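Novice: First the structure, which I've put down as structure tokens, then a few questions once you've had a look.
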Amino acid sequence: MKVGGRLGQRRGRLARRVGQLIVAMGIVVGGVTTVGQAAASPIGEQTCSYQAGRYNVCFQITPLFGNLYAVHIGIDITMSQATAQTILDQPGDPFGTWLFGADGSPADEDVLGQVPATYESAWSGGLSAEFEIWVDRSFLDEDSGEDDVFGRVKLYIASVNRTFAYQTNEVNGYF
């Protein structure tokens, strides 16, 4: 019997589907997922928090002109396309995204404002969304001295009545 034959292909597909199901179940039963922050990135550089097979959330603050900055957050969450579409089809927007000023501890975080969704999609790799806002530099000036800003994406899944949070790395600079 050939190992790489039809039976091997079926086992491979079955293993992938079981793996996808386990990942989807992890998303559904896993509770609130909050990504820890790594080293901060400078203004203009994209920084991403990646958990293989689970999600990728990226953050970038880009100077435009004058005192105007583009704040961009993107997220890809691994799940089946059908599950992703079910989440997008639920009533209301499943996503909420905010910017925070990091001041050392979660109790000291400053809420800077909300970042609206500009794109949401269910696709073969899962659920994706993009969030963007243009702001004046004073919006990002969260304290005296160097500023540390991060984003948090919350995903509400109505079918399980759970909210999952995905935190970006920090971007730092003088705003």
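The values are calculated or read from the model by the stated rules, or taken from the named source; none is laboratory data. Keep in mind that what you see is a predicted model, and the values were worked out from it rather than measured. Cβ: placed from backbone, ideal geometry, glycine included. Neighbour counts: every protein chain shown.
Novice: I'm trying to understand the selection: among the residues of the range 132-156, which are small (Gly, Ala, Ser), more than 16 Å from residue 170 (Cα to Cα) and touching a Ser or Thr at 6+ places or on another chain (Cβ under 7 Å)?
Specialist: Taking the range 132-156 first, the residues small (Gly, Ala, Ser) are 138, 144-145, 151.
The next check asks that each one be more than 16 Å from residue 170 (Cα to Cα); those that pass are 138, 144.
Selection gives nothing.
Novice: Given the criteria modelled with pLDDT under 95 and surrounded by 13 or more Cβ atoms within 10 Å (Cβ to Cβ), does residue 148 qualify?
Specialist: Working: modelled with pLDDT under 95: yes; surrounded by 13 or more Cβ atoms within 10 Å (Cβ to Cβ): yes.
In short, yes.
Novice: A further question follows. Could you tell me whether the range 102-119 includes any residue that is closer than 18 Å to residue 73 by Cα and among the hydroxyl-bearing types (Ser, Thr, Tyr)?
Specialist: Yes, the range 102-119 contains at least one residue that is closer than 18 Å to residue 73 by Cα and among the hydroxyl-bearing types (Ser, Thr, Tyr).
Novice: Taking the range 88-101 on its own, how many of its residues are touching a Ser or Thr at 6+ places or on another chain (Cβ under 8 Å) and surrounded by 19 or more Cβ atoms within 10 Å (Cβ to Cβ)?
Specialist: 0
Novice: Of all residues being of a type in the set (Ser, Thr, Tyr) and surrounded by fewer than 16 Cβ atoms within 10 Å (Cβ to Cβ) in the range 151-175, which is modelled with the highest pLDDT? Just the residue, please. Full working, then the answer.
Specialist: We begin by selecting, within the range 151-175, every residue of a type in the set (Ser, Thr, Tyr); these are 156, 159, 163, 166, 168, 174.
Checking the rest, the ones that are also surrounded by fewer than 16 Cβ atoms within 10 Å (Cβ to Cβ) come to 159, 163, 174.
Details: 159: 92, 163: 97, 174: 90.
Across the range 151-175, the extreme among qualifying residues is 163.
Novice: Scan (1) over 19 Å from residue 58 (Cβ atoms); (2) at pLDDT 95 or above for the single condition residue 117 breaks and write down its number.
Specialist: Residue 117 satisfies every listed condition except (1).
Novice: Filter the range 98-117 down to residues that are out of contact with any Leu (no Cβ under 7 Å at 6 or more places or on another chain), touching a residue at least 24 places away in the same chain (Cβ under 8 Å) and assigned to a strand (DSSP E or B), then give me how many there are. Let's see the steps before the verdict.
Specialist: At the first step, the residues of the range 98-117 found to be out of contact with any Leu (no Cβ under 7 Å at 6 or more places or on another chain) are 98, 102-111, 114, 116-117.
With touching a residue at least 24 places away in the same chain (Cβ under 8 Å) added as a condition, the list becomes 98, 102-103, 110, 117.
Remaining after also requiring assigned to a strand (DSSP E or B): 98, 110, 117.
Looking only at that region, the number is 3.
Novice: Another question, if that's okay. Restricting to the range 75-97, count the residues that are in a strand (DSSP E or B) and touching a Gly at 6+ places or on another chain (Cβ under 7 Å).
Specialist: Initially, the range 75-97 is screened for residues in a strand (DSSP E or B), giving 75-78, 95-97.
Narrowing the set further to residues that are touching a Gly at 6+ places or on another chain (Cβ under 7 Å) leaves 76-78, 97.
Selection size over the range 75-97: 4.
Novice: Take the range 50-69 and flag every residue that is in a strand (DSSP E or B), of a type in the set (A, V, I, L, M) and under 20 Å from residue 167 (Cβ atoms). Quick ask: steps written out before the conclusion?
Specialist: Within the range 50-69, the subset in a strand (DSSP E or B) is 50-51, 55-63, 68-69.
If we keep only those that are of a type in the set (A, V, I, L, M) as well, we get 57, 61, 68.
Answer for the range 50-69, where residues must be in a strand (DSSP E or B), of a type in the set (A, V, I, L, M) and under 20 Å from residue 167 (Cβ atoms): 57, 61.
Novice: I would also like to ask the following. Would you check if there is a residue in the range 59-81 being under 20 Å from residue 142 (Cβ atoms), touching a Leu at 6+ places or on another chain (Cβ under 6 Å), buried (at least 20 other Cβ atoms within 10 Å of the Cβ) and not polar (S, T, N, Q)?
Specialist: no
Novice: Also, quick follow-up: Could you please find all residues in the range 120-165 being in a loop (DSSP other than H, G, I, E, B) and on the phi < 0 side of the Ramachandran plot?
Specialist: First, pick out the residues of the range 120-165 that are in a loop (DSSP other than H, G, I, E, B): 124-125, 141-146, 161.
Listed by number, the residues that qualify are 124, 125, 141, 142, 143, 144, 146.
Novice: Would you check if residue 120 is in contact with a helix residue (DSSP H, G or I) (Cβ under 9 Å, 6 or more places away or on another chain), in contact (Cβ under 8 Å) with a residue 12 or more places away in the chain and not small (Gly, Ala, Ser)? So that I can check it myself, show each step before the final result.
Specialist: Values: in contact with a helix residue (DSSP H, G or I) (Cβ under 9 Å, 6 or more places away or on another chain): yes; in contact (Cβ under 8 Å) with a residue 12 or more places away in the chain: yes; not small (Gly, Ala, Ser): yes.
Criteria met by residue 120.
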